[in-house]
Each structure stands twice: as C-alpha cells, then as structure tokens.
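A short worksheet on the structure shown next.
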Amino acid sequence: MTYTPPTALPRDLLDNDEVQRALAVHDFGAVFRIARERAGISYSKIAAECDIKPERVGTLARGRGRITTFDKIVQIADALRLPGALVGLAPRPWEVNGTPAETSRAENGPQHVRRRTILQAATTTGLAAALPALHRPDAPQRITEAYVVRLRERTARLRRLDDVLGGGDTYRVYLGEVQHTKGLLRQQSFTDGARRQLTALLAEQAQQAGWAAFDSGRTRDAVALYEESRTAAQDAQDPDLYGNSLAFLAYESLADDRRTAVSFAGDSCATITERTPSTVRALLYERLAWACAVDGQATSTEKALVAARRALDEAQDGEPQPDWAAWVDHTELDIMTGRCWTELRRPLRAVPILTHALDQFADAHARDKALYLSWLADAYLTAGEIEQAAKTTGRALQLASSIASVRPRQRLAPLLDRLRPYADTTEVRALLDPADS
C-alpha cells in the first residue's frame, strides 16, 4: 500500500486557483497557510514532514522568506503531494505509482483551467513567472543529445527575457529551469555523451538563475547558484562555462571583498585557451577589467580592456559563439570601458565613450540602460558638470521606474545624495522634488 503523508493536500485544494498561483511562483508559505486554514493541516505536521523548523514554517506562511533549494522543494512536493508539473519538477515516483489522476490533471487536465491559472499568475507576479511550465519538450525515456539541444534552444529563448525584464520577474523562471534539469539528471537514463551535455546546460542555466537572483537582491541565492554552476561546469569538463562561473563569482564578490573578486576574475581568465570563443574571451577579460577598476588598479584595468578588445577584433567570420556570451560586442565593451574609467575617476576618458555607446543603446533595454546612464551621470558629477549629471540621473530614474531590479536604485540613490548640495540649481531641483515626494 502506498504511503500517504498526513500533510497531503486534498484534491480540491490542488485545483484551487490561489494555490496554483502560489505554486507557479514557488510561494510555499502561502500554500502552508492555505493548507492550515482550509484543510486543517497544522504547521507542526508540515514542519515534521518537510523537515523544516516549526517557527520557519510560520515565518514563511506570514510571507517572510522563500524556499529556493532544489532538495527542499522536492521534499515539500512529496510531503504535500504536489504533482511535479505544478512546481517545475519531473513527475514524482508516487504520481506514477499511486495517483495517476493527479498526474493527469496537472499535466494534461483541462486546458482552460491551466490557461486561466497561468494568466492569473501573470497578472499577479508578472508574465515571466507564468512561463516555466510552458512549451518544454517532453523528455524521452532515454535522454539523447538531440533532446539536450532542444532544451538548450529553450534556454536561449528564455534568456531573452533578461533583455527587457528585471530579475524580480525572471528569477523564478530561470530557477525552474535549473530544477527541471537537475531532476532529469537525477532520474533519467542517457545515451552516450548526453549526460555530459545536460550537465553543461545545468551550469549555463545556474549562471542565468544566479544573475537574476543577483539582479533582484537575492545575494545568497546568487552565490549558491554560481557555485553550483562551477561544480556542474567542472563535471561537464566545459572550460568556457567554468571560467564564466568564476567571472560571476568575481562580480558578486566585489561588494564585500575586492581582492577576492580580482583573484576570481584572474582565475577565470586563466581558463582561456586558443580554443576559447572570442566573445567568451572578451567577456572574461572585461569582467577582470571591472574587478581591477573597482579595486583601483588602473594599469591592470587598461591591460584587461585591451585584451578584451583584441579578442573581439580578432574574431573570425563564422566562428561559433555560445548563446550565453553572444551579447558581448563592441558597444558592450565600450560601455564597460566607460564604467571602468568612471570608477577610476577619469571622467574625461569615461564621458565620450559612454555617450557614444549609449546613443546606440535602445531604451527597450531599460534596466541596463538605466544602469549605464548612472555611470555617465557619475562621470559628469566627477567632472563638475552638475546640470548634465542631474539630467542624466533623471533619465535613468525614468527608465528604471517600471523594472523589477534592485540594481538601478542602488546605483542611483548615492547619486541623488551627491546632487543634494546643488539643490539651488534648476536641473537638480527639478530632479529632487519628485524623488523626495
């Protein structure tokens, strides 16, 4: 007889729209609260079955904190008997063995119900949060290299969300991809070479999820995902992804330990060989340049920028580039160059190159353009061009106003403080009055 835990949600709750919206965004605290209110499942029972401290269950139910680790999500899904499809997992063993009705309803059941749930989730949490369960190709009995290619194409399509949305909207999407891939690696069998390729894809997906976590202010989650990516890249014997995981760790470390960040960035560049694609070489070198600039190392910064530009200049026509590095081009490198010179307090070098690059950068990329404008405003301030700094800061605030990213505000708040002493200037006064309201 199949064991049914005392915390298994009744069928009517699994069909409940509020529960499904919460599951779509991995808001397990809301599910815990609803389970107690409508099914009489106590927090102590949930804590015991899910191996979570009782006080932590109560905290989650009050909307404070999130469950993000794969193993804990699996444990909760099994304890509450949540069909895998509802939380971005492969079907759980108990679905196959004991509850085909729930499996059928979750994966195939009435399309109008599933579509309504997705649209409601999109309304409350952003369109991106409703995407993970859509259009993922069904896994074959044995994972093949061709199937991994299809998953990689899906990952590339989802990566485009980062062009126009902030990490607050995309994090759950990318985390769902990581969890799904980990489930395949744990549960499926593979043809020759397919496991290694899927492990490399996991490294790629963990980097994207880590970036979204960083962008949405989830620092610890970002570091954990970057470390997970480094392990997966090493297991897959993929030096390019391994180097990029180190570059991400360098970027993340800058706020707390600049020397460690420079060390990570240097190690990432040490992975470069003659076979490293040009965009990957440029990406790793520009991340090294940034780490050196934040640490005040002007000479090392310039050397790294020169190496990055050489990598792009020497790119061969038709040279294959990984999608995760395809965004690195001369405009991106110009922006990074301007950022570095701004950080090193060299505005005469920063302003011209940033101005030229940003003229070519579309407003549709609102988060990134707001961030890059913040460095231009910073350079203007350093040069004593107060009016231009105020105008540029205002433009950045306007672009950042509707983006679910913490980083533009983190960059712009100190600029506003630095502009306050000039409040008698017309442009600064016009900027600060709305900002203070």
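General remarks:
- Length-normalised contact order for the chain - Cα pairs under 8 Å, 6+ apart - percent: 9 percent
- Of 185, 430, 320, farthest towards positive along the dipole that unit charges on Lys, Arg, Asp, Glu beta carbons give the chain: 185
- Simple rule: put +1 on each Lys or Arg Cβ and -1 on each Asp or Glu Cβ in the range 125-244, find the dipole, and look at 174, 164, 140; the Cα lying farthest toward the positive end is 140.
- Segment residue 145..residue 321, full-extension length gain: 61.5 nm, with 0.36 nm per residue of separation and the alpha-carbon distance subtracted.
- For residue 378, net neighbour charge (Lys/Arg +1, Asp/Glu -1) across residues whose Cβ lies under 10 Å away: +3
- Mean ellipticity per residue at 222 nm, deg cm²/dmol - from DSSP H runs of n ≥ 4 across the chain, formula -39500 (n - 2.57): -21500 deg cm²/dmol
- Charge dipole of the range 204-363 about the Cα centre (unit charges at C-beta), most positive-ward option of 348, 232, 273: 348
- Straight-distance crosslink candidates among lysines, where the alpha carbon sits under 24 Å from residue 45 and sequence neighbours closer than 8 are dropped: 53, 72
- Prolate/oblate/rounded label for the range 256-313 (Cα gyration tensor, a/c 1.5): oblate
- For chymotrypsin sites (Phe, Trp or Tyr not before Pro), the sites in the range 1-45 that DSSP calls loop and that have at most 10 other Cβ atoms within 10 Å are 3.
- For the pair residue 259 and residue 44, label points projected 7 Å from Cα toward Cβ lie 5.2 nm apart.
- Anisotropy class of the range 207-300 from Cα gyration tensor, a/c 1.5 cut: oblate
- Loop sites in the range 336-396: chymotrypsin sites (Phe, Trp or Tyr not before Pro), DSSP, at most 13 other Cβ within 10 Å: none
- Rounded if a/c under 1.5, otherwise prolate or oblate - the range 256-377, Cα gyration tensor axes: oblate
- Taken along the Cα-to-beta-carbon direction at a fixed 7 Å, the label points for residue 413 and residue 356 span 3.5 nm.
- Where labels lie 7 Å past Cα in the beta-carbon direction, separation of residue 273 and residue 313 in nm: 2.7 nm
- Here's the picture: a label point sits 7 Å out from the Cα of residue 303 along the beta-carbon direction, and within the range 340-364 nothing has its amide nitrogen under 13 Å of it.
- Taking 0.36 nm per residue of sequence separation and removing the Cα-Cα distance, the residue 401/residue 62 pair yields an extension gain of 119.3 nm.
- Computed about the Cα centre, the dipole magnitude for the chain is approximately 1160 debye when only Lys and Arg (+1) and Asp and Glu (-1) carry charge, each at its Cβ.
- At an R0 of 30 angstrom, the distance between the Cβ atoms of residue 331 and residue 234 translates into a FRET efficiency of 0.40.
- Using Cβ point charges alone (K and R +1, D and E -1), the dipole size of the range 333-424 about the Cα centre works out to roughly 260 debye.
- For the range 166-272, the Cβ-based charge dipole about the Cα centre amounts to some 200 debye (Lys, Arg positive; Asp, Glu negative; other atoms uncharged).
Values in this text are rule-based calculations from the coordinates and carry no lab data. Model, not experiment: these values are computed from the prediction. Using ideal geometry, Cβ is built from the backbone for each residue, glycine included, and neighbour counts are taken over all protein chains shown.
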